[in-house]
1. Go ahead and set up a Gaussian network model of the chain, Cα springs under 10 Å, then flag whichever of 163, 136, 120 fluctuates most.
2. Can you give the accessible area of residue 1 in Å² (nearest 10), computed on protein heavy atoms with a 1.4 Å probe?
3. List the aspartates and glutamates whose alpha-carbon lies under 17 Å from that of residue 183, not counting same-chain residues fewer than 8 positions away?
4. With θ set to phi - 60°, apply the Karplus curve 6.51 cos²θ - 1.76 cosθ + 1.60 along the range 190-201 and write out the HN-Hα couplings as whole Hz, x wherever there is a Gly or Pro.
5. Accessible area per residue, 1.4 Å probe, Å², for the chain: what's the number?
6. Subtract the Cα-Cα distance of residue 81 and residue 36 from 0.36 nm times their separation in residues, and report this length gain in nm to one decimal.
7. Relative contact order for the range 1-58: what percent, with Cα pairs under 8 Å and sequence separation of 6 or more?
8. Which residues' amide hydrogens lie under 5 Å from the amide hydrogen of residue 65, considering only partners 5 or more residues apart or on another chain, with H built in the peptide plane?
Amino acid sequence: MRVLVTNDDGIFAPGLHTLVEFLSDAFEVTVVAPDREMSAMSHAITVTRPLRVTEYGGFGSKIPAYMIDGTPSDCVKLAVDALSDRKFDIVVSGINSGPNLGTDVLYSGTVSGAIEGVINGLPAIAVSAASAEKPNYYGAALFTVKLVKLVLSKGLPEDTLLNVNVPTFSTDQFPVKVTRLGKRRYINVFDKRTDPRGREYYWMAGDPHDSSEDDDADTEAVQQGYISVTPLHLDLTSDALFKDLQSWSFDEK
Ligand code: MN
């Protein structure tokens, strides 16, 4: 089975290297990843300048790998359309340094790498180590190999991907919970500072504040030490409002 691996932390990121090491024991792996960090680039694609592709030998001679001066979505598009003449069976994006929980998925380059796979008709998984300080790449990679096997045997419905967050745990057990996206907002987002010339600038950061009371929320599950597996669908249409909206009088003066 052929696995396309990408990420948003860049081709040198340790999470990517651990993932490739584990996946390549079980599958035929190709890596196409950004040449630098592209976190929080969401689903951006590069259309106003050319994309450069450089072969990368850092995974050994048996694993074809390319680095791109573009986003995770660029990488998956290029891999599927231009760099490989054979079809991939699945796309895996990660392992990200830090969580992609709740609303994070809308900004995440990791999740978008997987989404681009789904857009191209492939099953896809996004994987994040939920603690950037103590990233559990080992546990995340072990679990991802299991999950890829499951997805390849069971398949995923159309336009659907799996978003996985792995907390730091010390056992070889996999406490897994199937989850929904939780509610996550960031507080104290902007740090206002002064540069050496006396001009003010803002640096975006912030601390996550999770407000889900739903026990099935990914934010809650990871907090409780579970690996969260959230099925995500590409169709953002609100079915509830779709019907109600039809009764609005748009032409009323
Ligand atoms: Mn990242």
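1. Ranking 163, 136, 120 by mean-square fluctuation puts 120 first.
2. The accessible area of residue 1 comes to roughly 120 Å².
3. Counting by Cα, and skipping residues close in sequence, residue 183 has these aspartates and glutamates nearby: 104, 207, 210, 213, 214, 215, 216, 218, 220.
4. 9, 9, 8, 10, 10, 7, x, 9, x, 8, 7, 9
5. Here the per-residue accessible area is 55 Å².
6. 14.0 nm
7. It comes to 42 percent, rounded to a whole number.
8. When sequence neighbours closer than 5 places are left aside, the close amide H contacts are 31, 56.
The values are calculated or read from the model by the stated rules, or taken from the named source; none is laboratory data. The structure presented is a predicted model; accordingly, all values stated were derived computationally and were not measured. Here Cβ is always computed from backbone atoms with ideal geometry, including for glycine, and neighbour counts include all displayed protein chains. Areas reflect the complete protein model, heavy atoms only, side chains present, ligands, DNA and RNA absent. Shrake-Rupley method; radii C 1.70, N 1.55, O 1.52, S 1.80 Å.
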